[in-house]
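Okay, so here's the structure we're looking at.
The values are calculated or read from the model by the stated rules, or taken from the named source; none is laboratory data. Source: prediction; values computed, not measured. Every residue, glycine as well, gets a Cβ built from its backbone with ideal geometry; the counts of neighbours run over all protein chains shown.
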Amino acid sequence: MSETMSSQDNRPSSTGPNSRRQAVLYARVSSKEQEKEGFSIPAQLKLLRCYSESADLTVAKEFVDVETAKRAGRTGFDQMVAFLRQTPACRVLLVEKTDRLYRNFRDLVTLDEIELEIHFAKENVILSRDSCSSEKFVHGIKVLMAKNYIDNLSEETRKGMQEKAEHGIWPSFAPLGYRNVDGPNGKKIIEQDPAVAPIVARVFEWYATGNHSIREVAIMARAEGMVFRKSKDPVPTGTVHKILRSRLYTGDFDWNGKTYRGSHVPLVTQELWDRVQEILSNRFTKRHRKVKHDFAFSRLISCGHCGCSLVGEIKKGRYVYYHCTGYKGKCPEPYTREEVLEKRFTDLLKELSFDDDVMRWVTEGLRQSHRDEKRQHEEAIARLQAEHMRLQNRIDAMYVDKLDGRVETAFFDRKASEWRSEQSRLLKTIEGHQAANENYIDEGVRLLELARKSHELFERQEPREKRRLLNFLLSNCSWKGGELQANFRQPFDMLAVAATRAVDAAGSDTSNEALSEKWLPKGNGSANSGEREQLAFLISPGHVSVRRSACLGSSPDANANFGGLWLTGEREVF
C-alpha cells in the first residue's frame, strides 16, 4: 500500500466549509456478545464522529459489522468498499484502530487498490500516499499482529471444539432434527427438535425401503413440513442427501477424521443407518429409475427360449401382456396375458401351504436348535464383555499414570479415545447378540406363517407388493411355452417338500403314525432328527440374515425382522 504515516498533529486543516472532504466511518465488533453489551459499536461511532468534526471532515456514510471476520467477505466491509469504488470524491476512511479494520491480508490488499487516506483515531495515525518506509513497516507489523490475534482465537476455538467432541458433545451448530440448548455444566449441547426430529426419522425410513430416490424423499419431507430452522425455506434435495449420510443421527458422530460416541439421543438405529448407506452406495439396490407403468412381474421373469427378460406392455389401454424383449434376435415366445402368469405363480405358492402338524414339527426343531444358538450367543457375549472390561482397566490404569506424570496428557487422550471407540463397537456387537437371542424363535415362526399364507397374500396385493413377495420367495423364474419354471429360495424349498409330503400322506392315511412314516424325519420326529434340525437351521434368523441380501432383492424391509416383512403376528403389514 502506498501510504504516508504522520502524527495526528500534522492533520491538514480546512480553509472553509466548502473545502470539507467527505469520509466514511467503519466500526466493527468481533462477536454477537460484544454487540449485546450495548457500548462497543456506539462507542466507536461516537469517537469517529467527534474525530471527523475536529478534522473538518464530512461523514458521507457509516458502515458497521457485527460478526467475526476470519475470512474476507464481511457484509459492512464489502458494502463500504463498493461505495468507495463508486464514489471517487470520497477517499477518506475513519476507523478506531488497526485490528478493527484488518482481519486478514486480503482486506489489506483490497484497500490498497483504492488508494485511501485512512485515519486510525485511537492510534493517532493517518495513512496516505506519502508514507515513508519506516511508517509502512510499523503499519505492516500491526496488520500482522491483527492476523495473529484472529489465528490464535481460531486455534483456541478449535481446541475447545475438539475437547467437546472427546467428551461426546457435538461441538458445532445443531443439524436438522436437533437444536442447541444449554447443558447442565454450562456447555452448549444438542437435543431433539420436536418439530423436525420425527420427519428426519421418517426420511431414513422412507429411503431405507429402496423404493424412493433421494429427490422423491426430499419432496415427501417438504410435504411433511421440513424447513430450515431460521429461514423457514424448504429443505432441498442436497440437504436430504447430507442428512442420510450423517452418522450423527445414530448417536455417534465424526469429527476431525475420528468417530466419537455422542451423549445425545439418537434419531435412528445403527441398523437402519447402515441399510441407508448400503442403498446410497448401490450395494443393496440398483439406482432408482422411474417407470411410466408399474408392472407386477417386471425384472422378474426371463424368457425360456433366449434368456432375455419378459417385459410388460399395455394393449387397448387396459390389458397387460408380457413378451420377450427380443434383445438377442427374434424370439418365438408369444405374448402372454398377465392374468395367466398370476395364476401360475399362485399355483406355485400353494405348494408352500402346510397344516398344523408340519408347523409343530418345524417349531420343535427351532426350539431344539435354539439351545445351541443361545449357548453360542451367551459365550460370545461373555467374551465381548471380558474384552470391554479389559479395555476399561487399561484406561483406568493409564489415567493413574497420567496423574503421576508417567504418561503425557496428549498420549493418554489419544489412546483413551481409541479404546473408548473400541468399547463402543463391542457394546453394539453385544446388543446384536442379545437381540438375536431374544427374537430367534419368534422370527422363525413368523417366517413359517409367511410361507403358509403366501398364496393368499399374493392374490390380494398391488403389483409392487406382488413383486416384493416373489423376490423374497422365488429365484430363477422363467417362462416358456405357457409353462412357468421357478426355484424356491432356502428355506422355502424344504418347506415345499415337507408340505408336499404332508399332502401325500394325508391322501393315503390320516393317522399320525402313518404321517410320520411318510414325511417326518426318521426317529418319529425326535429332537435329534437331522432333517428337522437342518430345516430349523435354514429358517433360523442367523442363517437367513447371512443370505437375506440375495433373497430380498429390492425388498424395502431387508433389515426388518425377515419373518415380519408381510406378517406381524396375525396382522398383515403390506
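Quick check, is Met398 exposed (fewer than 13 other Cβ atoms within 10 Å of the Cβ) and at pLDDT 85 or above? Step through it out loud before you land on a result.
On the way: exposed (fewer than 13 other Cβ atoms within 10 Å of the Cβ): no; at pLDDT 85 or above: yes.
Against the criterion (exposed (fewer than 13 other Cβ atoms within 10 Å of the Cβ) and at pLDDT 85 or above), Met398 does not qualify.
Filter segment 1-58 down to the residues that are of a type in the set (Val, Ile, Thr) and either out of contact with any strand residue (DSSP E or B) (no Cβ under 9 Å at 6 or more places or on another chain) or crowded, with 17+ Cβ neighbours inside 10 Å (or both), then identify the one that is modelled with the lowest pLDDT.
Here the answer is Thr15.
For the structure I just gave you, tell me whether Ala380 is at pLDDT 80 or above, buried (at least 16 other Cβ atoms within 10 Å of the Cβ), assigned by TED's automatic domain parsing to the domain that holds Leu426 and on the phi < 0 side of the Ramachandran plot.
Taking the combined requirement at face value, the residue satisfies it.
Please verify whether segment 396-412 includes one or more residues that are closer than 27 Å to Gln434 by Cα and of a type in the set (A, V, I, L, M, F, W, C).
No: zero hits.
When you check Gly326 against the structure, is it closer than 26 Å to Leu447 by Cα and either at pLDDT 85 or above or assigned to a helix (DSSP H, G or I) (or both), yes or no?
Values: closer than 26 Å to Leu447 by Cα: no; either at pLDDT 85 or above or assigned to a helix (DSSP H, G or I) (or both): yes.
The answer is no for Gly326.
Does Ser353 count as under 19 Å from Arg489 (Cβ atoms), assigned by TED's automatic domain parsing to the domain that holds Asn487, small (Gly, Ala, Ser) and modelled with pLDDT under 90?
Judged against the criteria, Ser353 is a match.
Within segment 248-272, how many residues are under 14 Å from Gly168 (Cβ atoms) and hydrophobic (A, V, I, L, M, F, W, C)?
4
Only one of Arg202, Arg229, Arg222 is without any contact (Cβ under 8 Å) to a residue 60 or more places away in the chain, part of a helix (DSSP H, G or I), of a type in the set (D, E, K, R) and in contact with a strand residue (DSSP E or B) (Cβ under 8 Å, 6 or more places away or on another chain); which?
Arg222
When you look at Ser302, is it modelled with pLDDT of 85 or more and in a strand (DSSP E or B), yes or no?
Yes; evaluated as a whole, the condition is true for this residue.
Just to be sure before I move on: is Glu278 modelled with pLDDT of 90 or more and either within 28 Å of Gly481 (Cα to Cα) or of a type outside the set (Gly, Ala, Ser) (or both) in the structure I sent?
Judged against the criteria, Glu278 is not a match.
What tally of residues in segment 308-341 results from selecting those that are touching a residue at least 60 places away in the same chain (Cβ under 8 Å) and under 42 Å from the mean Cα position of the chain (by Cα)?
Residues that pass the stated criteria total 3.
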